[in-house]
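Below is one structure; the comments refer to it alone.
The values are calculated or read from the model by the stated rules, or taken from the named source; none is laboratory data. A quick note: this is a predicted structure, and the numbers were derived from the prediction, not measured. Here the Cβ positions follow ideal geometry from the backbone for every residue, glycine too, while neighbour counts run over all protein chains shown.
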Amino acid sequence: MTSGPITTQIHHDILVVTSNNPPVNALGLAVRRGLVAAIEEAEGNDAVKAVVIRCEGQTFFAGADVSEFGTPKAFEQMLPTVVDIIENCTKPVVAAIHGTALGGGLEVALASHYRVADKTAKFGVPEVKLGILPGAGGTQRLPRVAGVPLALEMATTGKMIGAKEASEAGLIDRIVEGDLLQHAVAMAEEVKDIRPLPKSSEKQDKVSGVDPSVFADFRKANARKFRGFDAPEANIQCIEAATAKPYAEGVQVERAKFMELMSGLQARAQQYFFFAERKAAKIDGIPEDTRPRTIAKVGVIGAGTMGGGISMNFLSAGIPVTIFEMNQEALDRGTGIMRKNYEATAAKGRMSADQVEQAMGLLTPTLDFAALADCDLIIEAVFEQMEIKKDIFTRLDATVKQGAILASNTSYLNIDEIAAVTKRPEDVVGLHFFSPANVMKLLEVVRGAKTAPDVLVTAMLLAKKIKKVAVVAGVCHGFIGNRMLMPRQVEATKLLLEGATPEQVDRVHVEFGMPMGPFQMADLAGVDIGWHRDPTRIENIRDALAAEGRWGQKKQAGFYDYDDKRRPSPSPRVQEIIDDFRAKSGVEKRDISDEEIVQRTLYTMVNEGAKILEEGMAQRASDIDVVWVYGYGWPVYRGGPMFWADSEGLQKIVDGLEAQESRMGSDFTFSKLLLDKAGNNEKFTR
Ligand code: 3HC
């Protein structure tokens, strides 16, 4: 039989059901219909004794088809019914799993009576990342099969587990190597006469007698991580229901919560973001057949915090790195910190001692610039000064083999100006990593006026290889992320003069869902960053703090005072400095509302984002959102600044900015794009 992407074939007395729905065998309507037709075929054919469900291509079903959500298709032949039909099949059903069995895919597997998996297969329920929950019986079957603690962890974090862990938890019956289909058919032959059929929905042992404190403890332990999100709590409540109610009632709780989440703004934001992240990898205006360059060896210039962090990304991905420094002491210090970072990861059990040695074994520290000559990509990560960068790129041009990519990690400077000192500006690109570079997922790929298409393609592919999310940015001061940070910082500082406190401004940002506010961020990054270093030249509050050595957390004093454990408290001295500046500048102190803080710091960011878009410095609004979620911790449940602005309504943003325009003075000008879109009742994101 063939029904859309589903075909069936009889192997002796086993019906093999195959899905071929590239790229990830998402469970779209045609697949769901085909699966039901296949089960009907099995039921209707006496010669069939058992069924195997398998997938062609890179993976077993990776879940529901997210692009169907919110469309009429999602309501036809719905997945909860399909999985019930599978479980209720009167003949044994064996799921043959390879790749990643995710979400609805794992739910299909759980509804099958037996599960055989390739040893490289992975399992997960990542629905929480889409703002929802496993809504095809997953919240009820998973704890019954794998136990409550693992189900809670998987459902609330979306974390994937490997075949070994899945097998230990009872989630799969057999791990196999080699021909998966052959193994699955063999298992089907073995079990074809066994009755009653083992049904996940009927298993009780792992959900009976579970102490309710398990849930309370889990909530408490993860309160920080789940702050602001709706979906983790809904997942917990469903799993709790699995322990307190019969299966039939549990699935009703699941359905109700699924629908509630699905109709909410958070789910819309997170599902939008899922596609935004994948769209970001696509580069406009580049021939489709552009082939990447080979990157077998990377050079890094500078073994400071950034250079070290950048190097670790490549080492962890198995790519050799030559790291250059000016003197032995700095080189030793830098490589020592890298080793320590790896060892700290190993101590947490996230890598083995062998893996630490393997990574460090790929590192070649050097004081000899010529050692960079045969690298395929060289990333400069030195002090943020144009003259120094130009000097380095002149030397690189003279030293490094032709065809190599020359990259700068600058966070603000003009890539075209840097490229212009070389005879190969087409090989020059910005690769702006975020600190700590071995941890932060974002990479801004700065496209210079002359950057060659294959350099860009290489950068985007390489980003994926080192597990970064890359976004293409144009050449402008601060690119996408830091450029949008500037108006926020300017207005936040002015708000202090006008009567707000650092605590109030930060609180508004944290309540909004940011990990920290602008002043907490300044204290963490260093108040002295970008400071002119002249203590007698005090032109603003930040200069005054820096002049007094209030450089932030590292000095236990910045916008806040810090105790030995780096716990912050409001600083009377900072308030004195602010009061002093206010008196000098003649600004009148007034009560500042939280709403004004939002308008002056977040609305201005949206306005800057719109300018970035209208100048073509970002390819699309969703790229800006990806930068802010991955680079600065913008709450993903609000989609990113541009999606958030759309959901607030652009006219509301314009009205808010107009209300504040006189206070912002010459620091602020409207983006034409924002005004136009608001006027036409349009959105940045669709
Ligand atoms: N629905 C629709 N499209 C999907 C999809 C899905 N579930 N999963 C992936 N895709 C698309 C991507 O958008 C991308 O499209 P593009 O090529 O046009 O950009 C393409 O498939 C390839 O995806 P990736 O670039 O992510 O490929 P990778 O190989 O890096 O990763 C993956 C593969 C691990 C399967 C990853 O795509 C993934 O994690 N997918 C999401 C899985 C998921 O969230 N499943 C749960 C869905 S919700 C659900 O099941 C509800 C149910 O409980 C009722």
When you go through (1) within 11 Å of the ligand (Cβ to nearest atom); (2) in a helix (DSSP H, G or I) one by one for residue 101, which number turns out not to apply?
-> (2)
Sort out which residues of segment 673-686 are out of contact with any helix residue (DSSP H, G or I) (no Cβ under 6 Å at 6 or more places or on another chain) and part of a helix (DSSP H, G or I), and write them in order of number.
-> 675, 676, 679
Looking at residue 458, is it more than 28 Å from residue 571 (Cβ to Cβ) and over 20 Å from the mean Cα position of the chain (by Cα)?
-> yes
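Could you list, in sequence order, all residues of segment 47-73 that are within 9 Å of the ligand (Cβ to nearest atom) and either in a helix (DSSP H, G or I) or among the hydroxyl-bearing types (Ser, Thr, Tyr) (or both)?
59, 66, 67, 68
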Could you tell me whether residue 226 is of a type in the set (Phe, Trp, Tyr) and within 16 Å of the ligand (Cβ to nearest atom)?
-> no
Between residues in segment 82-110 that are at positive phi and residues that are charged (D, E, K, R) and within 15 Å of the ligand (Cβ to nearest atom), which pairs lie under 6 Å by C-beta distance while being six or more apart or on different chains?
-> 103/127
When segment 604-652 is examined, which residues are found to be more than 17 Å from residue 682 (Cα to Cα) and among the hydroxyl-bearing types (Ser, Thr, Tyr)?
-> 604, 630, 632, 637
Any residue in segment 23-52 that's in the same structural domain as residue 9 (by TED's automatic domain parsing) and of a type in the set (S, T, N, Q): show its pairings with residues that are within 16 Å of the ligand (Cβ to nearest atom) and assigned to a helix (DSSP H, G or I) at Cβ separation under 8 Å, as long as the two are six or more apart or on different chains.
-> 25/31; 25/105
What residue, of 283, 295, 239, is surrounded by fewer than 23 Cβ atoms within 10 Å (Cβ to Cβ), over 20 Å from the mean Cα position of the chain (by Cα) and in contact (Cβ under 8 Å) with a residue 40 or more places away in the chain?
-> 295
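Could we say that residue 159 is within 28 Å of residue 215 (Cβ to Cβ) and within 16 Å of the ligand (Cβ to nearest atom) here?
In short, yes.
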Read through the list (1) crowded, with 20+ Cβ neighbours inside 10 Å; (2) not in a loop (DSSP other than H, G, I, E, B), then give the number of the only condition that residue 216 fails.
-> (1)
So how many residues does segment 43-73 have that are surrounded by fewer than 23 Cβ atoms within 10 Å (Cβ to Cβ) and of a type in the set (A, V, I, L, M)?
-> 3
